[in-house]
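A short reminder: the numbers here are calculations on the coordinates, not readings from a lab. In this text, all values refer to a predicted model and were calculated from it rather than measured experimentally. As a convention, Cβ positions derive from the backbone with ideal geometry for all residues, glycine included, and neighbour counts pool all protein chains shown.
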Amino acid sequence: MDESAFAAFLNDLRGAVGEDWVWSSDTDMFPYRDAFSPVWNTPEEIQASSAVAPADVAQVQEVVRIAKRHRVPLHPISTGKNFGYGGASPNVQGSAVLDLKRMDRVIEVNEERNYCLVEPGVSYFDLYRHIQERGLKVMIDCPDPGWGSPVGNALDRGVGYTMPQFRDHFGAHCGMEVVLPDGELMRTGMGAMPGADSWQEYPYGFGPDPSGLFAQGNFGVVTKMGFRLMPQPEYYRTGLVRVPRRRDLIKLVHHVNYLSDSGMVSEVRFASPLSALLGDPDFAALATKLGGPSDAEMDAAASAAGLHSWAIDLQFLGPEAATAAQWEYARDRILSDIPGAEALDGDHFALPATEAQLENDTQPYPTAIRRKGALGIPSLGIWEIVRDDGHVGFFPVLPRDGEAVFEMQRVLGDASREYPLPPYFSAVTAPLFWHSNTFQMVFAPSIRRDDPEHNAMVHRAMKHMVAVAAEHGWGDYRAAPIYQDDVAATYSFNGGALRKFLEAMKDAVDPDGIIAPGRGGVWPARFRP
Amino acid sequence: MRLAFAVAGALALAAGGAFAQQATRTGPAAPELEHGKAVYAHWCAPCHANSMGLAGTNSLTIKYEGTDIPGVLEDRTDLTAPVITYFVRNGVAWMPPFRRTEVSDADLAALSAYLTAPLEDRGAHTPLLADEMAEMEAAR
Ligand SMILES: Cc1cc2nc3c(=O)[nH]c(=O)nc-3n(C[C@H](O)[C@H](O)[C@H](O)COP(=O)(O)OP(=O)(O)OC[C@H]3O[C@@H](n4cnc5c(N)ncnc54)[C@H](O)[C@@H]3O)c2cc1C
């Protein structure tokens, strides 16, 4: 695109949204760059040329039509806080960011039927405040950083920390409104039926449900989204169970699967008490040994240190008596099956929590649970864990099975050893139980803005880990634009039938390839090699 | 736990002046600073409030250890509008920059006015949203 064509494009955008809401200077575009990018200031960094911020749905439609006319790719963001996964950066150099932050109305929160309907610019902080100020008896489920949005987070299939049916944020959505690549407005589910009052209660409506196409996809710009909410629970309770031997993890996982899938527990945290020994070089060498240590070696280290091999932090939400009965049941179930297992009662109190309870310093044992997140209260407390200038994340999806945990520890541990990074995978790495029905592990090396060599090493490591994991059937759940092609390529069953199907649809629905080309590894014909 | 109590000793030693002035930090801000204080509450306090365990407050406390500069941004008396603008629009280390759709130029000007006003006009420290809501709930 030449300079005059670009100027004409910007001019049309200004006509649609007003002079003040279109940007293209380096200064104005700086905050749209990915502040956590491992390819910062290298030719691989993908930067937008401009940004446009509509105030309402009609302006979004107009912006999409303008982009189509000028054939400029648009990269929609809601709150644009996707750090670790590309920030607000697009998949194609020179794209225009469609910044929906100004559309920030909480349209409805229904405390009888337990749902909300929000615009893209509503952050978790905003939604939480809206609910609390009105004393509404519903609880949100938020990711750790509260400045992101239900819409943006869910559209990248983000996760939170309460009950399984709420913490998979895309899974908990119910009904969306979308501006399609030709500027047309569409609603999914019951939203497609004029006069229906059940848009946030029945997500499917009738016939094929296309809502999945808009998550990690590029088939439209989502302008409204509904979410199911948990009624404000009356009581909160925690309990810890520890098991002595390394292989006890296998049974422990089966029990936790049972508890979680039966709706008895909120998010749980697996941990190895042995991680406390990683500061000891001999133990660290054992836990990160090439090919992995033997069970006997790990058990010997555990008994020498007088520590258990694994622990599970359980959380319960509900009526007080129900949480007590569920904890008692969980404890008995695990203790009666795993010799040497022990249980510790945790904190318990009526909700909403007081300030002191939110501080989480009354837990009788060390815990990795962040109390605010566990109770659907947004914060930025998590930023404490960010190192250097940020990080990139690879979070491979892993079967919910102890043997699989051991295998990933070993395989990815061996694969990552050639990189001078902290040991993300070792014999004490515990699985994360974020998404409702699967495990994941974390690989999140830090980046340093002024250390290109370090960043290049991280960049290599990311690609290497994606490839090695895929050889074992472990795929990433979410990726920054610079890694989306690598990750999409690993979902290659039957000659990449999935990608072919998606690209055929992309060509049909978005022939000019203007909505986030490349997102999710889906490229329109115009950009395909 | 509020930071003021946790590191009161250190602050009192290192920043006797600033600490003494904390006694005046009660009540609402002067009316002309309300907008800026609301911007601070929404965009800065989540990392920079006067609380333990926050990335912004902790790192500034470490950075300025041994000087008379407090770790809590809201207690600073040395900031200027250009410095505030620079950090909001450029970020630093793992603090990302903020877009105009988040903090508008008018918001930024109000924020600067708040963070450069005399301490006694700024009112009480801005609470974290969670604490503000918990207090509101307790008062119900
Ligand atoms: C320390 C740390 C902790 C984190 N913890 C968590 C966590 O607990 N859980 C978690 O899920 N994530 C976590 N993240 C990742 C990330 O910060 C959050 O997921 C964040 O919510 C994503 O940003 P956002 O909500 O602003 O979404 P956005 O950046 O607005 O959107 C994400 C992407 O979705 C697409 N998109 C957004 N809006 C639209 C739209 N309206 N139409 C079409 N496409 C759209 C775009 O491709 C966009 O880039 C963490 C990151 C860090 C650094």
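Sum up the charges of everything whose Cβ sits under 14 Å from the Cβ of A:Thr438, counting Lys and Arg as +1 and Asp and Glu as -1, but leave A:Thr438 out. Residues close to A:Thr438 contribute a combined charge of -1. Under the criterion of Cα pairs below 8 Å and six or more residues apart, the relative contact order for the stretch A:271-316 equals 53 percent. For the protein assembly as shown, the tally of Lys pairs with Cα-Cα distances below 20 Å comes to 6, considering only residues 8 or more apart or on different chains. Across the options A:Phe227, A:Trp147, B:Cys47, the greatest Cα extent toward the positive end of the charge dipole of the protein assembly as shown (unit charges at beta carbon of Lys, Arg, Asp, Glu) belongs to A:Phe227. Size estimate for chain A follows the Kirkwood approach: the inverse of mean 1/r over distinct Cα pairs works out to 24.4 Å.
In terms of overall dimensions, the C-alpha atoms belonging to the stretch A:3-99 reach 36, 28, 22 Å along their principal axes, ordered largest to smallest. Sum up the charges of everything whose Cβ sits under 12 Å from the Cβ of A:Glu234, counting Lys and Arg as +1 and Asp and Glu as -1, but leave A:Glu234 out. Here the count lands on +1. Length gained on full extension, A:Ala276 to A:Phe493: 74.0 nm, using 0.36 nm per residue less the C-alpha separation. Label positions at B:Asp121 and A:Glu45, each projected 7 Å from the Cα along the C-beta direction, are separated by 3.8 nm. Only Cα pairs under 8 Å and 6+ residues apart enter the sum, and on that basis the relative contact order of chain A stands at 17 percent.
Compactness of the stretch A:106-228 is given as radius of gyration and Dmax, 13.7, 41 Å, from Cα positions.
Relative contact order for the stretch A:3-99 using alpha-carbon pairs under 8 Å, separation at least 6, rounded to a whole percent?
Numbers: 146 pairs, mean separation 33.5, N = 97.
35 percent.
Mean Kyte-Doolittle of at least 0.5 and a Cα length of 27 Å or more along the axis: which whole DSSP H helices of chain A meet both?
Values: long enough: A:452-471 (29 Å, -0.14).
Long hydrophobic helices here: none detected.
The alpha carbon convex hull volume per residue for the stretch A:1-44 rounds to 98 Å³.
Net charge within 15 Å of A:Met190 by Cβ-Cβ distance, Lys/Arg positive one each and Asp/Glu negative one each, not counting A:Met190 itself?
Details: positive: A:Arg113, A:Arg187, A:Lys224, A:Arg228; negative: A:Glu108, A:Glu177, A:Asp197, A:Glu201, A:Asp209.
Taking every Cβ under 15 Å from that of A:Met190, the sum is -1.
Using bins of 5 Å that start at zero, the share of Cα-Cα pairs per bin across the stretch A:227-308 amounts to 3, 11, 19, 19, 14, 11, 9, 6, 5, 3, in whole %. If eta is 1.002 mPa s and T is 20 °C, what Stokes-Einstein diffusion coefficient results for the stretch A:397-489, Kirkwood Rh from Cα pairs, in µm²/s? Approximately 155 µm²/s, per Stokes-Einstein.
Of the DSSP beta bridges with both residues in the stretch A:44-144, give the percent that are antiparallel, rounding to the nearest 5. Before the final figure, lay out the partial values.
Details: 4 of 11 bridges.
Bridges in the stretch A:44-144 are about 35 percent antiparallel.
Counting only DSSP H runs of at least 4 residues, each contributing -39500 (n - 2.57), and dividing by the residue count of the protein assembly as shown, the helix-based mean residue ellipticity at 222 nm comes to -10500 deg cm²/dmol.
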